[in-house]
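Read through the structure below, which is laid out as structure tokens, and then see the notes.
All of the numbers you see were taken from the coordinates with simple rules; none came from a lab. Computed from a prediction, not measured in an experiment: that's the story for all the values here. Quick reminder, even Gly has a Cβ in these numbers, built from the backbone with ideal geometry, and neighbours come from all protein chains shown.
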């Protein structure tokens, strides 16, 4: 049964790959970005060095893959939050809150890695996707008259994402939730 | 008259230093960050290579000094805008507008240089200064009841600076001015 065999191989490869990414993330959060070697990664992931090199050529490639996975998990989570929100009135707030809390939790390691990787194409792509997600929710509520319609929803989404990036500099979850309220206040129809 | 002589020397050194920074900025904006050599800088500044090395050990040190000068000019400009504003009601808006326009004009070269220099201590110091400048203006107007007093002025300043960083992603001056209005709306007392 060659098909089943192939599927088994595929699953195995995916599991090894995940283990490599997890090991690397753990090592980076312990030793910092530049203190991690391929040997340590192989050891922590429980595979041989030769096997590791069959998956990735160097630490930078692993960090790139790890970052890509992080971003894709984040986007999935935000899409899920949007789809689970009971109505359009709460949807935008729920997604912005989830994004701000995510940004606050990201910590400095992720930011260091992102800077180190010089923002590859997958980062730009994910950012565009996120921007579109928020823009569409804003456009929907602007059409309903809840939010300001005098400004392009794309500009409003750009404002939102930048304003919420302040979450990484805030000291508590309460402060992050206040930030979401300030940001939403900027989107409302002017008095 | 040794004092006068010393002053002349001092003035001369300052002028050479400024010329080096100007030459480097011009070369970087033409050739990019990594395409600039000490020889080119000396030639463009109109001095010998040996003289250049008496001022700076390498290109990175020059870029650091140039960036420090940029930041200090920006802070001076914002302080000036604040002091020139006719009353507290317009002061904050004037400073936030100046900051947003500055951010929009900074372009990608400055951002590249800032990233390349890994945010030295002078950047952190300048950022703190700027944050304090905005925080104090917000506190003043919150005390007058114009802005929300339910949130710490420091948090509000953090929100402002992040929200206005969106200016670098906006397509026009009109869009930057709209961003300032959105940001200010977030600071107002909630309805």
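A compact table of results
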item	result
Orientation-averaged projected area, Cα convex hull of segment A:58-191 (nm²)	8.3 nm²
Label 7 Å beyond Cα on the Cβ vector: residue B:127 copy-to-copy distances, nm	1.6
Whole-number percent relative contact order across chain A, with pairs defined as alpha carbons under 8 Å at least 6 apart	19 percent
Relative contact order, percent, segment A:1-57 [alpha-carbon distance under 8 Å, six or more residues apart]	28 percent
Point-to-point label distance, residue A:79-residue A:40, nm (Cα→Cβ direction, 7 Å offset)	3.4 nm
Sorted by Cβ neighbour density within 10 Å, fewest at the top, the residues A:103, B:11	B:11, A:103
Highest average packing first - A:154-160, B:12-18, B:173-179, Cβ atoms within 10 Å	A:154-160, B:173-179, B:12-18
Residue A:33 versus residue B:29: modelled label distance in nm, points set 7 Å from Cα along the beta carbon direction	2.8 nm
Using a 7 Å Cα-to-Cβ projection, residue A:101 label spacings across copies, nm, ascending	4.1
Rounded if a/c under 1.5, otherwise prolate or oblate - the protein assembly as shown, Cα gyration tensor axes	oblate
Peptide A:172-184, shielding by other chains (average Cβ, 10 Å cutoff)	4
Förster-model FRET efficiency, 30 Å R0, residue A:53 and residue A:8, C-beta, rounded to 0.05	0.85
Model label zone, residue B:128; criterion: amide N under 20 Å from point 7 Å along Cα-to-beta-carbon; scope segment A:160-190	A:168-172
Distance between segment A:121-191 and segment B:23-45 - C-alpha centres, whole angstrom	40 Å
Average partner coverage of A:147-160, which counts Cβ from other chains inside 10 Å	4
